[in-house]
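Step one of this worksheet: look at the structure below.
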């Protein structure tokens, strides 16, 4: 029965060939450093899932942001767990992504024909930092308020356009409700959209080009 | 692999499959159940309201005309404290006092009293009730709900029960 359903679907969707292409593709003999891309992907998906769950209760307004997070931590069952995973996962993701970058750099895996994969990786790293920066404001506590004050002030030191960038980031001259809602929008809609598109290209290229060998002495 | 180690019922591949599926299910449950609990926990937090509300002196209510009495109670939902308004129609008759809830028995809109036609009406789906709360026409499945009442001296109380 299950086999009949599977073969019916397989015939129409080509599941076996997807499996063969993605999971049964040939890879060179590699080491544990090569797992960090998958680790980053896993953490990214985990951030997505826990983030969706947090949005069930979180409210991005100065009136309610702090109280809604207090409610998640104390009033909702397992709220501490979901927020804890999102909090620690964020730091861990930056760590795995950065070590992944170092692995690619020191093994020279960014060279032809994988320059574009590297490029999309850079976009992903910047996006991840952007997620960290925007997410940091959302609890709307003293630390996040002043961190964002300082962070946007740093962006404001750019020559000529600095003041304009600062005002665009804050949605005005001051850190306000407008800052909180635009950071929230960036955090849950705009940057994730960029990340999903870029991860798709990144993974497509990994599968299309295969992964590079560990360089040998003569390379 | 020697054939003497081979089980006649289960080859190694099937064994690994079964163990993987079993362990996977346990792990999925460990991760999934807290998520379900997280999502539904406010729904499990049932607030049991049980209190007597004073409507003041019975003499304040006119005889034989349903009169609306509004009151508000504070409720805490999540992190928000908000006031919830209630309406009760007091119908004072000689020797008997009926207090109706103004919540329509159809789909919980609020009913009003039409003094010209002497009937309750619900504007949402054209429901009509007579003075005693019986359905005249429209979709309601049952007559208007009544509050339990008591008199202490000439003070009228209704019993508000929720949850």
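Computed from the coordinates by the stated procedures, all read-outs in this text should not be read as laboratory data. All values derive from a computational prediction rather than experimental measurement. No Cβ is skipped: glycine too gets one built from the backbone with ideal geometry, and neighbour counts run over all protein chains shown.
Rg/Rh for chain A to two decimals, with Rh computed the Kirkwood way over all alpha-carbon pairs. Please list the in-between numbers first.
Working: Rg = 21.2 Å, Rh = 20.1 Å.
Here the Rg-to-Rh quotient is 1.06.
Under the rule of -39500 (n - 2.57) per DSSP H run of 4 or more residues, summed and divided by the residues of chain B, what mean residue ellipticity at 222 nm is obtained, to the nearest 500 deg cm²/dmol? Don't skip to the answer; put the middle values down first.
Working: 1 runs with 33 residues, N = 163.
So the helix-based figure for chain B works out to -7500 deg cm²/dmol.
Just to be sure I understand the model, the point goes 7 Å from the Cα along the line to the Cβ. What's the resulting residue A:158 to residue A:64 distance in nm?
Those two pseudo-labels are separated by 3.3 nm.
Rounded to the nearest Å, what's the spacing between the alpha carbon centres of the stretch B:39-55 and the stretch A:51-80? Just the number, please.
Rounded to whole Å, the Cα centres lie 21 Å apart.
Decide, for the stretch A:59-170, between rounded, prolate and oblate: order the square roots of the alpha carbon gyration tensor eigenvalues as a ≥ b ≥ c, take rounded if a/c falls under 1.5, and otherwise choose prolate if a/b is larger than b/c, else oblate. Mind showing how you got there, number by number?
Working: a/c = 3.34, a/b = 1.37, b/c = 2.43.
Taking the square roots of the gyration eigenvalues as a ≥ b ≥ c, the stretch A:59-170 is oblate.
Over the stretch B:49-162, what number does the Rg to Rh ratio reach, with both radii from the alpha-carbon atoms and Rh per Kirkwood?
Details: Rg = 14.6 Å, Rh = 14.9 Å.
Here Rg/Rh amounts to 0.98.
Taking the Cα centre of each part, how many Å lie between the stretch A:101-178 and the stretch B:62-109?
When both Cα centres are located, 54 Å separates them.
Once a ≥ b ≥ c are taken as the square roots of the eigenvalues of the Cα gyration tensor of the protein assembly as shown, is the result rounded (a/c under 1.5), prolate (a/b larger than b/c) or oblate (a/b not larger than b/c)?
Prolate, since a/c reaches 1.5 and a/b exceeds b/c.
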